[in-house]
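Remarks on the structure that follows.
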Amino acid sequence: MTRLHHLWPGNILRGRGVEMFRKIIKQFEIFRELNTSGNRRADIELMKSRAQNNPSFALINAWAILENQVQKENSTGYWNAPTKSIFIVSHCANRLGLNNAQQEQMRAINRMRNGVAHAISDRNIPSWSDVDFIINVSRRLRLKGVIA
């Protein structure tokens, strides 16, 4: 059996290896933070809904991820808000500098989400672009939290 001496931990960690390892771990932590929401159930259900091509269910979970992110950033404001969805849109607008068109898009997506969640028959049907918009807003909020 041939041993690969160049892959032994001693050889990897000699010199600046520990420093390089720490940099890799830091980059992985940033990547993980940006690609997981901290809401494990919603992350899993979002993946399932993508596999099943179900944007309605995906929208429910994407909004749950966004709501969780906003709640983490400003729990007092979130819990004191008379209307959570209005607070979520205004928080995202203020934190990310969303323009009026983006804010209106968030409000329209929220109405779609409520239509799906409450089985309203005359609702608009969500698309994957609606889901991706909400996921993107949530990721941008997380990015601000990681960099700040």
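A few notes on this one:
- Filter pass, G97 being surrounded by fewer than 18 Cβ atoms within 10 Å (Cβ to Cβ) and not hydrophobic (A, V, I, L, M, F, W, C): yes
- Qualifying residues in the stretch 68-103 (those that are over 20 Å from the mean Cα position of the chain (by Cα) and closer than 28 Å to N54 by Cβ) - the one modelled with the highest pLDDT: A101
- Complete set of residues in the stretch 83-128 that are over 15 Å from A62 (Cα atoms), among the aliphatic types (A, V, I, L, M) and part of a helix (DSSP H, G or I): I86, A93, L96, A101
- Residue count, the stretch 55-80 (criterion: aliphatic (A, V, I, L, M) and in contact with a His (Cβ under 9 Å, 6 or more places away or on another chain)): 1
- Residue count for the stretch 109-144, restricted to those that are out of contact with any helix residue (DSSP H, G or I) (no Cβ under 8 Å at 6 or more places or on another chain) and among the aliphatic types (A, V, I, L, M): 1
- E73 touching a residue at least 60 places away in the same chain (Cβ under 8 Å) and either closer than 14 Å to V137 by Cα or out of contact with any helix residue (DSSP H, G or I) (no Cβ under 7 Å at 6 or more places or on another chain) (or both): yes
The values are calculated or read from the model by the stated rules, or taken from the named source; none is laboratory data. These numbers come from a predicted model, not from an experiment. Neighbour counts run over all protein chains shown; Cβ positions are idealised from the backbone, glycine included.
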